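The next block holds one structure in the form of structure tokens; read it before the comments.
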């Protein structure tokens, strides 16, 4: 490199410095982030107020009424075979249901007297009581009233009568083998009663 001074009019060569661009002062803008699954810009979750759940309205309690009835398992023997009487009536839905004869107890009437009377009215047959079969309990709703019913049943031996003399509410009265009657009876409580009768008769 020469030590001679630079000629007039010439400036010594200077190194060019790169000027860094200063970022504008103030709060930096945040760029919206991209949704990695769809590529669209993610949106901030909206704050929605949850609507309060409506409180369920309580139904007024149904009035409760208690009823006591009596009925019987009427049987007859033919050698070693045992048959019992079932009567059929229509349910509120129109279905045909087979069951034991039973009905309400009148004022001043005993359970036993009511059972004999109801058997004769609903089947046309007369019978004598031999033993108690206990009771069955259930409930049902009738005209918006909850009915709690207890029915006392008795084992009764057939003595006579005619099924044509029965009440009109019963569509048919028929003798069934005891084992078949236990399957044909429409209600579980009465099937249990027939089971107790079978224990005494067999």
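Remarks
- Among the residues of the stretch 58-72, not a single one is part of a strand (DSSP E or B) and closer than 13 Å to residue 185 by Cα.
- Scope the stretch 156-178; condition over 15 Å from residue 118 (Cβ atoms) and in contact with a helix residue (DSSP H, G or I) (Cβ under 8 Å, 6 or more places away or on another chain); matching residues: 176, 178
- Residue match in the stretch 78-88 (condition: more than 29 Å from residue 66 (Cβ to Cβ), part of a loop (DSSP other than H, G, I, E, B), out of contact with any helix residue (DSSP H, G or I) (no Cβ under 9 Å at 6 or more places or on another chain) and at pLDDT below 95): yes
- Complete set of residues in the stretch 125-171 that are in a loop (DSSP other than H, G, I, E, B), surrounded by 13 or more Cβ atoms within 10 Å (Cβ to Cβ) and free of Cβ contacts under 8 Å to residues at least 60 places away in the same chain: 167
- Those residues of the stretch 172-190 which are surrounded by fewer than 17 Cβ atoms within 10 Å (Cβ to Cβ) and free of Cβ contacts under 8 Å to residues at least 40 places away in the same chain, in sequence order: 179, 180, 183, 188
- Residue satisfying condition, being within 30 Å of residue 61 (Cβ to Cβ) and either more than 24 Å from the chain's Cα centre (by Cα) or modelled with pLDDT under 95 (or both), within set 144, 113, 162, 168: 144
- Cβ-Cβ contacts under 6 Å between residues 6 or more apart (or on different chains), taken from a first residue in the stretch 81-110 that is surrounded by fewer than 11 Cβ atoms within 10 Å (Cβ to Cβ) to a second residue that is at pLDDT 90 or above, are listed as 91/97.
- Matching residues, the stretch 181-202, being in a helix (DSSP H, G or I) and farther than 19 Å from residue 95 by Cβ: 182, 192, 193, 194, 195, 196, 197, 198, 199, 200, 201
- Test: residue in the stretch 108-124 that is touching a helix residue (DSSP H, G or I) at 6+ places or on another chain (Cβ under 7 Å) and part of a strand (DSSP E or B): no
- Selection count, the stretch 54-80, where residues are within 30 Å of residue 159 (Cα to Cα) and surrounded by 10 or more Cβ atoms within 10 Å (Cβ to Cβ): 11
The values are calculated or read from the model by the stated rules, or taken from the named source; none is laboratory data. This is a predicted model, so every value here is computed, not measured. As a convention, Cβ positions derive from the backbone with ideal geometry for all residues, glycine included, and neighbour counts pool all protein chains shown.
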